[in-house]
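Colleague: Here it is, the structure, as structure tokens.
Please treat every number below as a calculation from the coordinates, not as lab data. These numbers come from a predicted model, not from an experiment. Cβ sites come from the backbone with ideal geometry, for glycine too, and all protein chains shown count toward neighbours.
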Amino acid sequence: MTEANAVVDAGRETPAAAAPRLDESERPMRDYLRKAGLALLGLLVLPYLLILVYKIDLVRPVSTLMLWDLASFQGYDRRWVEFEEIAPVLVQSVMMSEDGQYCSHSGVDWVQMNGVVDDALAGKQTRGASTIPMQTAKNLFLWNGRSFLRKGLELPLAVGADFVWSKRRLMEIYLNIAEWGPGIYGVEAAAQHHFKTSADKLSRRQAALLAVALPNPITRNASKPGRGMKRLAALIERRAKGSGDYIKCLYD
């Protein structure tokens, strides 16, 4: 073979060597990973699509906790009420207990959040900094428990919900999906369960007791408050009376 022929033959072999055929055994794994990636992307995008859907007043959202109760055959009690059918004293009490800056922030209270991060980095015990939009996002789309993963998913959802929904609609959804005991969701079911009354007829003390039960509704029973819970309720009741400008974004 001449040197010229050898060069030609080598050139013909090079493309085949540069593009080896895919092992057929690798195809199922690649297909599985692609489908899993698409499914994960869909799960991440779905809550943002639902935020747009839930902007419609006629839509009555169901939370992940409610769906879990259904899936585990426990069932739940939730009776949707419009914002106008909720006693203003309950709205005032919840805001003063859960999120006093609700009308002024855009879903996340970054001042409080920065304080929590600083405490965590310093090894100190962290305090709560969840806003009502953050709690609404968690209840609607995520899960209970403390983790950086959940918090990382929760923050953009809270900002998105606060941007798309009015403050009034956001509060309406929150008060209709909040948990007030095992299988008890929403203020109407809570008012009936704990005080045998309707959401629009709650007294100031009843509203304050329901508000202070929200951080831990399983161990804090609004209809059977302990001494500490009664003290907190009295404090929230006083704050609610003087809420004034803090709640004007809901009634403008």
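Colleague: Within region 58-87, report the GluC sites (Glu not before Pro) that DSSP leaves as loop and that have at most 13 other Cβ atoms within 10 Å.
Modeller: On the way: sites: GLU82, GLU84, GLU85; in loops: GLU82.
The qualifying sites are GLU82.
Colleague: Right, here's the next one. In terms of modelled amide H atoms, which long-range or inter-chain residues lie less than 5 Å from the amide H of ASP77?
Modeller: Excluding prolines and chain starts, which carry no amide H, the hits are ILE184, TYR185.
Colleague: Same structure again: For THR197, what residues show an amide H to amide H distance below 5 Å, using hydrogens built from the backbone and excluding near sequence neighbours?
Modeller: For THR197, whose amide H was placed from the backbone, the distant partners under 5 Å are GLN192.
Colleague: Let me ask something else. Taking the Cα centre of region 60-250 as the origin, how large is its charge dipole in debye, to the nearest 20, when only Lys and Arg (+1) and Asp and Glu (-1) carry charge on their Cβ atoms? Kindly include the intermediate steps, with their values, before the conclusion.
Modeller: Working: 25 positive and 18 negative charges, 141 e Å.
Once rounded to the nearest 20, the dipole reads 680 debye.
Colleague: Would you mind checking the pairs LYS201/LYS248; LYS138/LYS230; LYS196/LYS224; LYS35/LYS151; LYS167/LYS248; LYS55/LYS201 and listing those with alpha carbons more than 19 angstrom apart? Walk me through the numbers before you get to the answer.
Modeller: Numbers: LYS201/LYS248 21 Å; LYS138/LYS230 27 Å; LYS196/LYS224 13 Å; LYS35/LYS151 26 Å; LYS167/LYS248 10 Å; LYS55/LYS201 27 Å.
Over 19 Å apart, Cα to Cα: LYS201/LYS248; LYS138/LYS230; LYS35/LYS151; LYS55/LYS201.
Colleague: Between the DSSP loop rule and a limit of at most 15 other Cβ atoms within 10 Å, which chymotrypsin sites (Phe, Trp or Tyr not before Pro) in region 133-173 are left?
Modeller: TRP143
Colleague: Report the chymotrypsin sites (Phe, Trp or Tyr not before Pro) located in region 26-116 that are in a DSSP loop and have at most 12 other Cβ atoms inside 10 Å of their Cβ, or state none. Don't jump to the answer; show the numbers that get you there.
Modeller: Numbers: sites: TYR32, TYR48, TYR54, TRP68, PHE73, TYR76, TRP80, PHE83, TYR102, TRP110; in loops: TYR54, PHE73, TYR76, TRP80, TYR102.
Qualifying residues, ordered by number: PHE73.
Colleague: To continue, here is another question. Kindly identify region 60-250 as rounded, prolate or oblate by the Cα gyration tensor criterion: order the square roots of the eigenvalues as a ≥ b ≥ c, call it rounded if a/c is under 1.5, otherwise compare a/b with b/c, prolate if a/b is larger, else oblate. Don't skip to the answer; put the middle values down first.
Modeller: On the way: a/c = 1.36, a/b = 1.18, b/c = 1.15.
The shape class here is rounded.
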